[in-house]
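All remarks here apply to the structure that follows.
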Amino acid sequence: MVIECKHVWNYLSDYLDDSLSPEIKELVQRHLEHCEICSAILDSTRNIVVLTADDRVFELPIGYSERLHARLAQEIESNEARTRKDSGD
Ligand SMILES: [Zn+2]
């Protein structure tokens, strides 16, 4: 089973909480090993969690998530287009 970036994004907060099932966690970990985009998101998400941990508040600015996802979707699209071109498929 292969999971896509958008699935990984849904799992990230649980991944950071270490509350994923072992199977899903392994899938996410494996994806993160080869996906720069999701690794970058994991890093920034982790930073936000660390920064806000003291206040016990974890609230993203309104619209943050939508904007982030829109940007990511764009990057993934161009990434996939590049990959298709490279593989000559
Ligand atoms: Zn990814």
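The values are calculated or read from the model by the stated rules, or taken from the named source; none is laboratory data. These numbers were taken from a predicted model, which means no experiment stands behind them. Neighbour counts are summed over all protein chains in view; Cβ atoms, including those assigned to glycine, are modelled from backbone coordinates with ideal geometry.
Here are a few things to note about the model shown:
- Restricting segment 59-89 to residues that are hydrophobic (A, V, I, L, M, F, W, C) and either more than 18 Å from residue 5 (Cβ to Cβ) or in contact with a Lys or Arg (Cβ under 9 Å, 6 or more places away or on another chain) (or both), the residue that is modelled with the lowest pLDDT: 60
- Entry remark, segment 19-40: residues being closer than 14 Å to residue 4 by Cα and within 11 Å of the ligand (Cβ to nearest atom) number 11 in total.
- Yes/no for residue 20 being part of a loop (DSSP other than H, G, I, E, B) and modelled with pLDDT of 85 or more: yes
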